[in-house]
Amino acid sequence: MSYSFKIKSAILAIGLLFTTITFAQKEKKAEKNKFLEGKKYDVNFTEIKASGTSKPLPSTIVIKSGKVQCDLMEEKVTAPSMPYKVILDTTYTEDESEVHKVSFISEYTEEKTGYKWDATITDYEIEGTFVMLKSGVQKKKFEFTGAEKAGKK
């Protein structure tokens, strides 16, 4: 083989390697679910403590642009809006009527603080948990239940 062919091959291989690395590290776009997108849920959060539970706090969970967001969690634990991942999306028949059920999780970590949503929506009802972690140790846990916010007609 000629020397120039080896150089051209090496340059081509390096170029392909950099191209692969560049595309592999692009951040994934937030996953969007047609059933969840644009929904707002009026919920009540109850903090779960070793000494018992707190008084329910009302708030709204908003799901849009592939992210889940809640003003109360932003205020109480500085949780940002976070991309969600659907882990179950099914429709089944119960008592002769169709039921749509969607479960999702959302996890986010910055520095040593982590946040996790775990929720299930059955038709118009939502329930789940929100957990805040510090260095992998659970610091705060909230349970929530609620229903889809009625839209303007």
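A short reminder: the numbers here are calculations on the coordinates, not readings from a lab. This one's a predicted model, so the numbers in the text were calculated from it and none came from an experiment. Positions of Cβ are backbone-derived with ideal geometry, glycine not excepted, and every protein chain shown enters the neighbour counts.
Below are the figures for this structure:
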read-out	value
Cβ charges +1 (Lys, Arg) and -1 (Asp, Glu), total dipole of the range 39-148, debye	800
26 Å Cα-Cα threshold exceeded, pairs from 34/134; 32/149; 67/139; 76/116; 34/141; 76/149	34/134; 34/141
Residue among 93, 83, 4 farthest towards the positive dipole end of the chain, charges placed on Cβ	4
Taking 3, 124 and counting other C-beta atoms within 10 Å, the order from fewest to most	3, 124
Using θ = phi - 60° and Karplus 6.51 cos²θ - 1.76 cosθ + 1.60, couplings along the range 48-64 (whole Hz; Gly, Pro as x)	9, 10, 4, 8, x, 10, 8, 5, x, 10, x, 6, 10, 9, 10, 10, 7
Angle between the chain longest axis and helix 3-24 axis [Cα atoms, degrees, rounded to 10]	10
Whether the chain is rounded, prolate or oblate, judged on the alpha carbon gyration tensor where a/c under 1.5 counts as rounded	prolate
Residue exposure sequence - 144, 5, 35 - by fewest surrounding Cβ within 10 Å	5, 35, 144
Model label zone, residue 149; criterion: amide N under 12 Å from point 7 Å along Cα-to-beta-carbon; scope the range 65-83	69-72
